[in-house]
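The values are calculated or read from the model by the stated rules, or taken from the named source; none is laboratory data. As the structure is a prediction and not an experimental result, all values here were calculated from the model. Backbone-built Cβ (ideal geometry, glycine too); neighbour counts: all protein chains shown. Each accessible area value is taken on the protein alone, full model and side chains, heavy atoms only, with ligands, DNA and RNA left out. Shrake-Rupley method; radii C 1.70, N 1.55, O 1.52, S 1.80 Å.
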Amino acid sequence: MTNRQTQAVVLFLFGGAILKASLTDLYLRYVQEGLRPFLIASGALLVVAAAATLWYELRAPRDEEHHDHHEPRVGWLLLLPVLALLLIAPPALGSYTAAQTGTVQVNAESDYAPLPGGDPAAVSLIDYVSRAVFDEGRSLAGRRLQLTGFVSIADDGAPMLARIVVSCCAADGRPIKVGLTGGPLVDVPAGTWLQVTGKYSDRRGKDPVNQADIAFLEVEQWQPVDPPKQQYE
């Protein structure tokens, strides 16, 4: 077992890693945006607990902690994953996850709200798929649409537009995929973020991973863009 001072250091670094992520946009790679206050509170609580533990241990008489000197130093290896979290930030889930996982099976809405104003209308991928599959495109008809996502390559080599959908955090992330048809050929590497403008298409496909419906977009134009701050839907 590690001594309390080691445990306090690990706790302090872990809390610091949480605070570092939650006080920047880094936390968006792991959880939904709305969980930020809880992360900040949790990180602060861990740091305070670690500081209190160290303060107590450093003030304790020597004869109460002599047993700590004989504990194995291997306990300090617990610092390695914490330091990795502090120093190495893994990327958000992306094209590899989309290629290996079946597309989300979206739910139908009883009544679809009007599309946002503007031309083109900015629509999320999951909203587009829901309207295309369950509403048969009625709420999309006659509008130019703008979708943003990263490129995922289908088994037949065709490019698709995808985003990762999360309910809580990256651990439950699943892709939502939209096929691309017509228009200028999308010829960029998997993982490239695109802003695609087009119109509703009644073409349908099946995801080979889980046989869920894949809606298509009739492409008019596309352009590479920087990944958004919030990469998950």
> Do you know which of the residues in the stretch 216-233 that are at pLDDT below 95, touching a helix residue (DSSP H, G or I) at 6+ places or on another chain (Cβ under 9 Å) and of a type outside the set (S, T, N, Q) is nearest to residue 22 (Cα to Cα)?
Replying inline: 229
> In the stretch 182-200, what count of residues is obtained for those that are over 28 Å from residue 30 (Cα atoms) and modelled with pLDDT of 95 or more?
Replying inline: 4
>> I'd like to verify a number: residues in the stretch 214-229 that are open to solvent by 50 Å² or more (accessible area, probe 1.4 Å) and part of a strand (DSSP E or B), how many?
In response: 6
> Which ones in the stretch 170-179 are touching a Leu at 6+ places or on another chain (Cβ under 6 Å) and either among the acidic types (Asp, Glu) or within 11 Å of residue 215 (Cβ to Cβ) (or both)?
Replying inline: 176, 178
> Does residue 146 count as under 26 Å from residue 32 (Cα atoms), open to solvent by less than 50 Å² (accessible area, probe 1.4 Å), assigned to a loop (DSSP other than H, G, I, E, B) and polar (S, T, N, Q)?
Replying inline: no
>> Looking for something at pLDDT 75 or above and open to solvent by 80 Å² or more (accessible area, probe 1.4 Å) - is there at least one such residue anywhere in the stretch 62-75?
In response: no
> Has the stretch 102-116 got any residue that is open to solvent by less than 30 Å² (accessible area, probe 1.4 Å), in contact with a Phe, Trp or Tyr (Cβ under 6 Å, 6 or more places away or on another chain) and either over 12 Å from residue 233 (Cβ atoms) or among the charged types (D, E, K, R) (or both)?
Replying inline: no
>> Looking for something at pLDDT below 80 and open to solvent by less than 50 Å² (accessible area, probe 1.4 Å) - is there at least one such residue anywhere in the stretch 36-44?
In response: no
> Can you tell me which residues in the stretch 165-213 are hydroxyl-bearing (Ser, Thr, Tyr) and open to solvent by less than 30 Å² (accessible area, probe 1.4 Å)?
Replying inline: 181, 197, 201
> Out of all the residues in the stretch 168-200, which are free of Cβ contacts under 8 Å to residues at least 40 places away in the same chain, more than 16 Å from residue 99 (Cα to Cα) and not charged (D, E, K, R)?
Replying inline: 171, 181, 182, 183, 184, 185, 186
> Where residues in the stretch 6-35 are farther than 30 Å from residue 165 by Cβ and touching a Ser or Thr at 6+ places or on another chain (Cβ under 8 Å), which of them is least open to solvent (accessible area, probe 1.4 Å)?
Replying inline: 8
>> Can you tell me which residue is farthest from residue 173 (Cα to Cα) among those in the stretch 23-32 that are in a helix (DSSP H, G or I) and under 10 Å from the mean Cα position of the chain (by Cα)?
In response: 27
>> Among the residues that make up the stretch 119-127, is at least one of them at pLDDT 80 or above, out of contact with any strand residue (DSSP E or B) (no Cβ under 9 Å at 6 or more places or on another chain), open to solvent by less than 90 Å² (accessible area, probe 1.4 Å) and outside any loop (DSSP other than H, G, I, E, B)?
In response: yes
